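Reviewing the structure listed below.
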Amino acid sequence: MLSRPIAVAPDGRDWAAVRADLSAHGNATVYGQLAAWQPDGEHSPALRAVLGRDWPRGRVVEHAPSRHRYIASRLLLKHTAAAALRAEAADLEIAYGLTGRPSVRGCDQIDISLSHTDTLLLVGLTSRGRIGVDAERADRRLYGLSMARSICTPGELTALDTLPEEERNDRLVCLWTLKEAYTKAIGQGLRFPFTAFGFELGPLPGGTGHSECRPVRLCRPDGTPAGGAAWSFRTDVLHVGDVAFRVSAAVRDAGLGRSADIDAATMLDSEIFAAVSEALAGP
Amino acid sequence: MSTGVPPKSGPGRGVPAPAGPHEAGAHDCSTRRPGATGAAPPTSRLDDSVRSRAACAEALLGDPAEPGNPTGYQALLAADRSAVPPAEAEAALDGFGINAEFVPRELGGRFDSAEGLLRVLRPVFRRDTALGLGHGLTTFTAASAVWLSGSTEQRTSLAGRLLSGSKATVATYETAQANDYVRGRISVVPGPGDTWTATGLKPVVINLRRADALVLFCHTPARHGGSSHRALLLDPHRLPATRYRAIVRPAPERAGLRAYVGAGAWLDDCPVPCDALLGPPGSGMATALRTAHISRALTAALVVAALDTALRAAVHAYCAERSGAGRKAQNDPGSAARVLVGALVDLLLYDSFAVTTTRALQLRPAEAGVHAAAVTSLMPTVFIDTMNGLATVLGARLHADGGAVGAYRKFLRDVPLMTVGHVGTAAARSTLIPQLKRLAHASWCAWQEAPAGLFRPGAALPPFPYGELALAGGTDSLSGTIAVAAAAPHGRGLVERNLHGLAEGMTAELRDLRTRVLALPSPAPGSAASPAWCGLADRYAWVLAAAAVLGVWRHQTTGFLADPAWATLALHRIARRLGIRTTDPPPECASRIHQEILARFTERRGYDLYATPLAG
């Protein structure tokens, strides 16, 4: 089961809930507002220490809005990872894979994913395998722009056609974010053809109080179930200020079961460490 | 359990006979011995060279894609769906005398090098990781603990049992942040007289119900120091039924390795005779860690076989699309070609490191543990990233249940379990990190290249140095290769000059690492600085991988591996993973790799360093 996104602010009061979700479900998704995560000054030594090798370089430096977004999103990412690991953000290095996928270098007990759009910053974490998250403004216009055929499988197009006209754009935004989340979880993003896999969305559960959280199932292009038992999905609508965002997450469980402990402080095995140190001290 | 059914098709099934000065007199690999389990291995029928034995294993297993092949994908995937071991494939391996590959030559077997074993096991792992682990590597890992620390009687007795078809298994220590596959502790205390008693539950012990020998790593009542660990060598069939049980649990439907992980060991004040103690008092952890050097090197090298099959499946899809069968597919063929090039380069990069590490067990036994830990720590990244990249080429074919794509999906599920995920990398880093300060002082500013033999796959090796395989040596000559490569003349063409620049970049990275490692407070479990140490250990592992690539390239004089194209792309990919800014590699590098991908596919040769002929 994937957890409902949790709002977090830089003051740190919300991290206990994030750790509780990780402990109970092996995953957590957090979101923050761009304005809240922008630092007051961009040149403080403390900010430079936290960002470390993520200090803005190259073209991102020149364009102020891009730089602000870059810094705020990395701050949220590093502070979220640090909270999950009970570590100092400045001690973590974010590594980027060859497709740009982020991870915490040397700390593979968690996997992370980052998305940002408009005023929303979104981070997903899992201790079970790989995660991808994606966010879009819920009112982003996709339907009617000839995009459906490049996003949807034949099965999804058929399902889309059965919906009332006014629901179709929302369905398309929902599918788009789910597909982004799935392909980000496998580190490929748009490189993976979106028409090579699909989703079947169940009906809205009654009385849950969670807006727009539908059951989601992975399908083949023809609409038959893809048997992806290792995968879990979740899609929600979040309201931040007066803007609604569609937010989706995908997690692939590696099948190794639960790890009760993911703290950075306990990841070195004390017995191995002692034996190696003793051997080096040697006679 | 093994039926020993003879194969349907004829000798070799398309595999060319091995050639070479020492391999004349080709053997007949086509006949599986009926009822092979329990029978003596047919050593007399085998040409003794490693290359010949590896080719024999490949020929025996046959074309994996052939629908009627009892040891092909269809049969292997069907057995997996039923959560049972693939009986015919196991019988074929028994007929080959696979267990003799695990027993040192001086004890009557054929084992004389870890590299030789990896070459013989690669055909198995190319088809099915679970089979390779359950009917191969697990027995060897358990046996290695006995070859390393057992008495003459224990070694002789286990060798005899393995040569008569027995399996062995091992229950390792529970290490930090354990998951469901490594959880559980067994403790052992002195019992009446000179006996001991063992108590505890280890929920997952691979192949336990079929094993005649169990190596059990236990804790003692001593809380600290060397005496807090003991290793035992038990015959589970001789333990009292009221005190020992193999706890059987049905494998969950989607669980990986499901035919082999269905049982765990339960012991309750179970009496253990004193001749079951493995090694002198206090040697349990040393035995476990020295065994881990061997099993880590081999596991890394064998995961390459899974990537080999995955790459071949993607190349097959790519060629089908190019030939027009799938022209409607929206995959951009240029992008697919780039993915394939990246996959082969990463495979060769990782194989360079894995094979170098495997050879280091014999050529540099004091430092092999450092390399084994480092190569292990990179495995999840290399494996998952390569598999996921290839998924973009497979596209909608990814949903197919059978054939090589079915095997691809099974690898994706099984390999993370074989390497036990984060627990495996955390244990490896726990071996590596205490040595980093000493390595930084002693080795990272050395200008001495590692011995050339380390980088020559298949070259002769000295006898396996059981006594010299150090728990921790605190030295590393592999990284010295980078400085030597960077100091060499700039090279002839554009590609070599690019490679030289990348080697200089790696030298700078090693220098920076040295500064950072020496500046950090000494590492300790529980320390707040642990993530910083783990980050540096990861960077160091990538630098070692670059050193292995440079070494393999520098020490070849002919053939594809002597071409700087692959090494240039490999170092470029490592540099990008480390966030080192580089210029784009010359475009001819990718063209050269692309050409090699298609040539090996057409000629049915493996994608690893050895490029050996395949049965399919």
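Every number here is computed from the coordinates shown, using simple stated rules; none is lab data. Please read these numbers as outputs of a predicted model, since none were measured by experiment. Reconstructed Cβ throughout: ideal geometry from the backbone, glycine too, with neighbour counts over all protein chains shown.
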DSSP-defined antiparallel bridges as percent of all bridges, segment A:1-127, nearest 5: 90 percent
In units of 2.2 N^0.38 Å, what is the alpha-carbon radius of gyration of segment B:501-616? 1.34
Over segment A:28-90, one equal point on each Cα, no solvent: what is log10 I(q)/I(0) by the Debye formula at q = 0.12 Å⁻¹? -0.29
Can you give the Rg to Rh ratio of segment A:141-255, both from alpha-carbon atoms, with Rh computed by the Kirkwood formula? 0.95
Simple spin-label estimate for B:A400 and A:C213 in nanometres, 7 Å along Cα-Cβ: 3.9 nm
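Figure the gain on full extension for B:T515 and B:E253 (residue separation times 0.36 nm, minus the Cα-Cα span) and round it to one decimal in nm.
Numbers: separation 262, 0.36 × 262 = 94.32 nm, distance 4.96 nm.
Result: 89.4 nm gained on full extension.
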Tell me the label-point distance for the pair A:Q38, A:D139, using the 7 Å Cα-to-Cβ offset, in nm and rounded to one decimal. 2.1 nm
Stretch gain in nm, segment B:H237-B:T602, where the contour uses 0.36 nm per residue and the Cα spacing is subtracted: 126.4 nm
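Provide the convex hull volume over Cα atoms per residue for segment B:69-200, in Å³.
Details: hull volume 20.0 nm³, N = 132.
About 151 Å³ per residue, rounded to a whole number.
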Cα-based Kirkwood hydrodynamic radius, segment B:230-351, one decimal, Å: 19.6 Å
Rounded to whole Å and sorted largest first, what semi-axes of the equivalent ellipsoid does the C-alpha gyration tensor of segment A:65-143 yield via the square root of 5 times each eigenvalue? 23, 15, 11
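Compute the orientation-averaged projected area for chain B from the convex hull of its Cα atoms and round it to one decimal in nm². Walk me through the intermediate numbers first.
Working: hull surface 106.2 nm².
With the hull built on Cα positions only, its mean projection is 26.5 nm².
Provide the gained length on full extension for the span B:R209 to B:A487, in nm with one decimal, where the gain is 0.36 nm per separating residue minus the Cα-Cα distance.
Numbers: separation 278, 0.36 × 278 = 100.08 nm, distance 5.59 nm.
Difference between extended and current length: 94.5 nm.
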tail above 36 Å in the computed P(r) of chain A, as % of all Cα-Cα pairs, reads 19 percent
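Quick check: convex hull of the Cα atoms in the protein assembly as shown, volume per residue, rounded to a whole Å³?
Details: hull volume 149.8 nm³, N = 899.
Convex hull of Cα atoms, per residue: 167 Å³.
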Lysine-lysine proximity count for the protein assembly as shown, Cα under 26 Å, sequence distance 8 or more or distinct chains: 10
In whole angstrom, note down how far apart the Cα centers of segment B:556-612 and segment A:1-23 are. 44 Å
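Rounded to the nearest 5, what is the percent of antiparallel bridges among the DSSP beta bridges in the protein assembly as shown?
Numbers: 66 of 75 bridges.
Around 90 percent of the beta bridges assigned by DSSP in the protein assembly as shown are antiparallel ones.
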Given the C-alpha atoms of segment B:96-173, compute the convex hull and give its volume per residue in Å³. 92 Å³
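Could you work out the relative contact order of chain B? I mean the mean sequence separation of Cα pairs under 8 Å and 6+ apart, divided by the number of residues, in percent. Numbers along the way, then the final one.
Values: 1147 pairs, mean separation 83.5, N = 616.
Averaging sequence separation for qualifying contacts and normalising by length gives 14 percent for chain B.
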What span do the alpha-carbon atoms of segment B:171-282 cover on each of the three principal axes, reported in whole Å from largest to smallest? 45, 31, 20
Can you tell me the relative contact order of segment A:141-255? Whole percent, Cα pairs under 8 Å, sequence separation 6 or more. 25 percent
Zone residues, segment A:87-102, relative to A:S23, backbone N less than 15 Å from point 7 Å out along Cα-to-Cβ: A:87
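Go ahead and estimate [θ] at 222 nm for the protein assembly as shown from helices alone: -39,500 (n - 2.57) per DSSP H run with n ≥ 4, summed, over the residue count, rounded to 500. It would help to have the intermediate numbers written out before the result.
On the way: 27 runs with 387 residues, N = 899.
It lands at -14000 deg cm²/dmol.
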Cα-based equivalent ellipsoid, segment A:6-141: semi-axes from gyration tensor eigenvalues, Å: 22, 18, 15
Using only atoms on other chains, find how many Cβ atoms lie within 10 Å of each Cβ of peptide B:389-399 and report the average. 6
